[in-house]
Amino acid sequence: MTTAATPTSSSLFDDIVEIFVSPAKVFARRKGRGFWMALFIYTVITAVLVVATRPLMQPVFDALWPQTVAQIQAKNPNVTPEQMDSIRNSQPIIYMVSIIVITPITVLVVGLLLWIVGKLFDAEESLGTAVMVATFASLPRILAWVAAALMMLVIDPASITSQWSVTTSLAHFVNGAEQPLLAALLARVDIFTIWVTVLLAIGLSVTGNISRQKGALAAIIVWIVGSLPSVYQALQMVK
């Protein structure tokens, strides 16, 4: 074993950049060094991208509005046209705020889940280290936002059938309105989601002192559990 690949110190900025090319080195350096600042930076970058790309994403809201109307009316048949107009006008703002709020919460939940699953494979990492791994592993999602924005520059709004129509997942090729469950499942087969999962595996292996095979199995379990919320939502739509 050599320690040449794990220098004693590095800047947070360096590690944020290097996570895309040398994740094992980053996780080795960041072990035990905390995660709050990295999580804050990730959340801020996500917030900036969400706000900056909102005009580009407006066709998504417009295309999915009939589905939203149907869901609202199914739950509350007495909703008035004025209430529907109010909901439609506030939808983009609610969406942006929810994404910004959900972003750090999701990282914390994934970190907790990674820590719990890691214990099944004898990982030695602490909860804080697991959240650090989840934070740095989530950074490729920044590129996912950029990819979605670029996609909206060339995609035909008429082809948008679900929120996954503007992703790099297999769900992009499925009519999410007609097959919501299939779309929800295929949405997890996404370039950036897989990238995040690979980073979780590497991070758990490095910081938890377990084999890459065990780290991969743990990350796959996290990936499966991560599918459950969207699958549940899809099941609600097909009822």
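What number comes out for the charge environment of G34, summing +1 per Lys or Arg and -1 per Asp or Glu over other residues with Cβ under 14 Å away?
On the way: positive: R29, R30, K31, R33; negative: D15, E125.
In short, +2.
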For the range 109-239, what is the relative contact order in percent, using Cα pairs closer than 8 Å and at least 6 residues apart in sequence?
29
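For the chain, what number of Lys pairs, 8 or more residues apart or on separate chains, have alpha-carbon atoms under 23 Å from each other? Each step should come with its number before you reach the end.
Numbers: K25/K119; K25/K214; K31/K119; K31/K214; K75/K239; K119/K214.
Close lysine pairs under the 23 Å cut-off: 6.
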T197: net charge of surrounding residues, Cβ under 14 Å, Lys/Arg +1, Asp/Glu -1, itself excluded?
+2
J(HN,Hα) series, the range 213-223, from Karplus relation 6.51 cos²θ - 1.76 cosθ + 1.60, nearest Hz, glycine and proline x:
4, 5, x, 5, 5, 5, 5, 5, 4, 4, 4
Could you derive backbone 3J(HN,Hα) for the range 132-140 from the dihedral phi with the Karplus parameters 6.51, -1.76 and 1.60 (θ = phi - 60°), listing whole Hz in sequence and x where the residue is Gly or Pro?
4, 4, 4, 5, 5, 5, 7, 4, x
Determine the distance separating the Cα centre of the range 69-85 from the Cα centre of the range 120-144; give it in Å without decimals.
40
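For the chain, what relative contact order do you get, as a whole percent, if you take Cα pairs closer than 8 Å and at least 6 residues apart? Working shown, then result.
Working: 279 pairs, mean separation 55.2, N = 239.
Reported relative contact order: 23 percent.
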Surrounding net charge for T161, when Lys and Arg each add one and Asp and Glu each subtract one, Cβ distance under 14 Å:
-3
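Explain nothing, just the number: dipole magnitude of the chain about its Cα centre with +1 on each Lys and Arg Cβ and -1 on each Asp and Glu Cβ, in debye rounded to the nearest 20. Walk me through the numbers on the way to the answer.
Working: 14 positive and 12 negative charges, 101 e Å.
I would put it at about 480 debye.
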Any residue on another chain or 5+ positions along whose placed amide H is under 5 Å from the amide H of S162 is listed here as G176
Virtual spin-label span in nm between S126 and N89, 7 Å along Cα→Cβ
5.1
Diffing the range 56-64: the Karplus 3J(HN,Hα) column from phi (6.51, -1.76, 1.60, θ = phi - 60°), in whole Hz with x for Gly and Pro, holds 5, 8, 4, x, 5, 4, 5, 5, 8
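Bear in mind these aren't lab numbers, they're just calculated from the coordinates by the rules spelled out. Remember, predicted model here, so these are calculated numbers, not experimental data. Neighbour counts are summed over all protein chains in view; Cβ atoms, including those assigned to glycine, are modelled from backbone coordinates with ideal geometry.
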